[in-house]
Structure formats: C-alpha cells, structure tokens
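> First the structure, which I've put down as structure tokens, then a few questions once you've had a look.
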Amino acid sequence: MIRSLVRFARLYLLWPLLLCAALTITWTGIAHGYSFLAFNLAYLGLAACLFLAERRWPYERAWLENDGQIGVDLAHTVLNKSAVQVLVAVGAVFGVAEVARGTELHGVWPGEWWLPAQVLLALVLVEAGLYAAHRLAHEWRFLWRFHAVHHSAPRLTFINTGRFHLVDTVTSILLSQPILFLAGAPIEIFKWVSATTAFIGMLTHCNVEMRFGFLNYIVNTPVLHRFHHSRDLKEGNRNYGENLMIFDLLFGTHHYARYRPSVRIGIDEPMPASFLGQMTHPFRGLFGERDGGRGKGASGGPAGRIGA
C-alpha cells in the first residue's frame, strides 16, 4: 500500500516539484541580484536530477542508449542558451522597459499586478508568438529546413532539449519577445519568461515515466511532446505550444490520447551527424525548392520527412 502511494506521488508530483524547485532557485537569484548565476545553477541542477531520473524511471529504456549525438546536442544547447542569455543581458543593460516607454504603448504593462500574475500574462503573450513560430516551422518549407535539425533526433531525452538550429531559435525569439518589449514589460519579466521556457523545455524532452492528468490541457508535457515528435502527421503536426497549450486548444492542434506514443521518432530525410554539418545543411539548395510544409517536397508531394 505504501509503495503504491509512493509510486503514485512520484508519477504525478515529480514534474511539478522539479519545475517549482528550479523556479525557486531562479527567484532567489533574481531577488538578490544574481539572476544569471542562479538560473544556470538551477538549469544544471535540473539536468542532474533528470539524468538520474531517466536512469531510475525511464519512459523508454531504448532511449538510454547512446545515439552518437550527445556531443552535438550539447553544442547546440550551449550555442542557443548562450545566445538567449546574451539577449536578456543586453536588454538589462539598455533597459528594454525604459525604451518601450517611449513608444505609443507606454504604460500598457500592468506593473502594479502581483508578480506571479505578471509572469502568467507574459507567458500567455509570448506563447502566441512561440506557437506561430513553431507552427510556421512545420508548415513552411523554408523554416522547416532549420526546424528539422531538432526533429532529426532519434530519441527524446533532456540532453537534446537545446538541439535547435540557431536560425530556428532566433525566429522564435523575433516572433515572441517583441510583444513584451512593446508592452513595456520590465527586464525581470523577460528573465522569468526565459527561465520558465528553459525549464519546461528540459522537462518536456525528458525520458522519465510520469503522469500529468489535467496538466496535459494546460502546459506542454513530455506526453504531448512525444506525440509531437511522432512520424505520423496526424500526431506530429500537433501540440505546437512551447509552454502553454492555450493556442493549441484554440486552433484545434491539441492532441492527447491515452495510448502510448510510438517510440520510433525522427525524420526520414537526410541530416548530417556533425554539429557543423547540421548548422550548414539547411542552407544547401535553399532557394531551389518551392514552399511546402512538413511532409511536402518541392513539388508539393510527399517528402522524406513524414513526422515531427
């Protein structure tokens, strides 16, 4: 009986507890002026916890095998996370909120609200841009070329959380962050949104057996993201939300089912194995194809990529 209760608690509480722990460490750092140090400590601590959890309670044991991409995944992660932190740091130096106050939208941001309410509002606003960027990356061949780097991973694990082409990352930033900038959100809100997105992203990709219940209709969970990486387009072209599922629910792209998602993920089109190869691959023949989204080739017919 006790063992069953412990297992039940672990399955349903591990995800929110890990997220809350990482956010608490980050909040402490922001409150004391050590936001970047605290975030990186929380990020590395969360990675360490997931490393142990994946080996103790794996969702798919086959995904524990080395796919030969660990070094490449880490290189993508370092590049992308560093770029994001540099942008946030630059925003802090130049004072994004102060600059925004010179626009016509001066005073729009509800700075008098309770901080968690401000963060929630920011997450919803940013999610609109993140959803659009992600969906475009699947439906527009030009952007899919870069997004395919992420979906070329043959397994899901916290290690390949940051496996994104830099162009893919920049596109998401350009379509999401200006919303907060124009609204005059303070730099602390940018930090909160960036940290929350990073933590949820790592938890979303982790190979840990967990249950989520109603959370599958609120936030992006590992279960939803495993469907998103499916080779079946009916599952793969769904669940575009980065943090929240609000826009997937609004636009009919939310997909959740009680059956176990297929563990056969990845893409059928070629993708170089090296980091430099993956960075340059999307530019090859870039202007020699007509637009066609994921699952469509230059002529509009089926392509090697049939799922993401």
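> Residue by residue through the range 196-211, note down the ones that are touching a helix residue (DSSP H, G or I) at 6+ places or on another chain (Cβ under 6 Å) and either over 17 Å from Ile159 (Cα atoms) or acidic (Asp, Glu) (or both).
Correct list: Met210, Arg211.
> While we're on this one: In this structure, is Arg135 closer than 19 Å to Met271 by Cβ and in contact with a Ser or Thr (Cβ under 9 Å, 6 or more places away or on another chain)?
Answer is no for this residue.
> On to the next question. Against the condition closer than 16 Å to Trp140 by Cα, modelled with pLDDT of 95 or more and of a type in the set (D, E, K, R), how does Arg238 come out, does it pass?
Judged against the criteria, Arg238 is a match.
> Another question about this same structure. Of all the residues that make up the range 35-61, how many are closer than 18 Å to Thr196 by Cβ and either touching a Leu at 6+ places or on another chain (Cβ under 8 Å) or not in a helix (DSSP H, G or I) (or both)? Walk me through it before giving the result.
First, pick out the residues of the range 35-61 that are closer than 18 Å to Thr196 by Cβ: 35-47, 49-50.
Going one step further and asking which of them are either touching a Leu at 6+ places or on another chain (Cβ under 8 Å) or not in a helix (DSSP H, G or I) (or both), we end up with 42, 46, 49-50.
Counting residues in the range 35-61 that are closer than 18 Å to Thr196 by Cβ and either touching a Leu at 6+ places or on another chain (Cβ under 8 Å) or not in a helix (DSSP H, G or I) (or both) gives 4.
> Filter the helices (runs of 4 or more DSSP H) completely within the range 188-257 down to those with at least 2 residues that are over 28 Å from Leu64 (Cβ atoms), in contact (Cβ under 8 Å) with a residue 40 or more places away in the chain and in contact with a Ser or Thr (Cβ under 6 Å, 6 or more places away or on another chain).
Because the criterion is at least 2 residues that are over 28 Å from Leu64 (Cβ atoms), in contact (Cβ under 8 Å) with a residue 40 or more places away in the chain and in contact with a Ser or Thr (Cβ under 6 Å, 6 or more places away or on another chain), no helices (runs of 4 or more DSSP H) in the range 188-257 meet it.
> Among the residues of the range 2-19, are any among the basic types (Lys, Arg) and in contact (Cβ under 8 Å) with a residue 24 or more places away in the chain?
Yes: one or more hits.
> So, one more: Acidic (Asp, Glu), surrounded by 21 or more Cβ atoms within 10 Å (Cβ to Cβ) and modelled with pLDDT of 95 or more - does that describe any residue in the range 167-186?
Our first condition is that a residue be acidic (Asp, Glu); within the range 167-186, this holds for 168.
Subsequent filtering for residues that are surrounded by 21 or more Cβ atoms within 10 Å (Cβ to Cβ) retains 168.
Cutting the leftovers down to modelled with pLDDT of 95 or more gives us 168.
Yes - at least one qualifying residue is present in the range 167-186.
> Please enumerate the residues belonging to the range 258-282 that are without any contact (Cβ under 8 Å) to a residue 24 or more places away in the chain, closer than 23 Å to Gly162 by Cβ and of a type in the set (Ser, Thr, Tyr). Even if it seems obvious, please write down each step before you answer.
Taking the range 258-282 as the starting set, the residues that turn out to be without any contact (Cβ under 8 Å) to a residue 24 or more places away in the chain are 258-260, 272, 276-277, 280.
Still in the list and also closer than 23 Å to Gly162 by Cβ: 272, 276-277, 280.
Within the range 258-282, just Thr280 meets the criteria.
The values are calculated or read from the model by the stated rules, or taken from the named source; none is laboratory data. Fair warning: this is a prediction, and the values are worked out from it, not measured in the lab. For neighbour counting, all protein chains shown are included, and Cβ atoms are generated from backbone atoms with ideal geometry for every residue, glycine included.
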